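Okay, structure first, notes after.
A short reminder: the numbers here are calculations on the coordinates, not readings from a lab. It should be emphasised that the depicted structure is a prediction, and the values quoted were computed from it without experimental measurement. Note: ideal-geometry Cβ built from the backbone for every residue, glycine included; neighbour counts use all protein chains shown.
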C-alpha cells in the first residue's frame, strides 16, 4: 500500500513507535526513525534543535521527500511537587516544540498526499495527580494538530491520536483491568499503528485537523461511587 513511500517516525526504538515503524515497513514504506535509544537509523534527543536539524538533513539527503511524518516521542511525566522548571520546559520541547520544528524542517519536502500524525494521549482531556509536564505536552500537541492542519492545507493532512491505556508489551489482562474498559480489554500498540496507517492512506483523504481518542471507551464512561459496581475506598 505504501511501497517506496517515505515515513518518518520519532520515538520509534520501542513501544508504540516501534510498532508503527514495523507496520509501515510491512506496507512497503522506507522508514526513518529517531530515538535516544539505540536504533538502526538515527540516535539523538529530539529536545535539541541541532539534533532535529541533523536528522532532517539525513532524511532529505537520502530520500529527498517525506510522505508520512509521525510525532510519537514520549515527554517526561512529572508533577507539581517534583518537576523542576528545566524539566517542565524539556517535556514541552520534546512533546510540542520538536513536532512543530521537525514539521517546519520537513514541510518543504512533503510529497503530494503527505500526512502528519501526532500521538497525543487521553490525558489531553483527563488527568491523574502529579502528571503536569506530560499532560501539558499532550494537550499542546492536540492543539498544535488543528493549527498545523490549517497552515498546511493543500500540502498535508494533519491529525492526532489520543491513546488511552496501551500496554506496549502486548500483555493480555484479565479481571478488573480488562472489565473496567467498555470494550473489555486493555489496548496494545497495534490499535494505534492501525489507525496511523489508515490516517496516512488515501482512504482518510477527507480527514484533517481531527483528534481521535483510542481508549476502549474509558473517557466516555461516567464513574460514581456505588454506581454499577464502582466503589471508591476512602483515603485516610
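The table below lists the values:
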| quantity | calculated |
| --- | --- |
| Meets criteria (surrounded by fewer than 16 Cβ atoms within 10 Å (Cβ to Cβ) and within 19 Å of the chain's Cα centre (by Cα)) for residue 8 | no |
| Positions within the range 126-135 being farther than 21 Å from residue 167 by Cβ and either within 17 Å of the chain's Cα centre (by Cα) or in a strand (DSSP E or B) (or both), in sequence order | 133 |
| Residue within the range 59-70 that is touching a strand residue (DSSP E or B) at 6+ places or on another chain (Cβ under 9 Å), touching a residue at least 40 places away in the same chain (Cβ under 8 Å) and more than 23 Å from residue 158 (Cβ to Cβ) present | no |
| Out of 112, 75, 129, sole residue that is in contact (Cβ under 8 Å) with a residue 24 or more places away in the chain and over 18 Å from residue 211 (Cβ atoms) | 129 |
| Among the residues listed as 184, 216, 154, the single one being part of a loop (DSSP other than H, G, I, E, B), buried (at least 21 other Cβ atoms within 10 Å of the Cβ) and more than 12 Å from the chain's Cα centre (by Cα) | 216 |
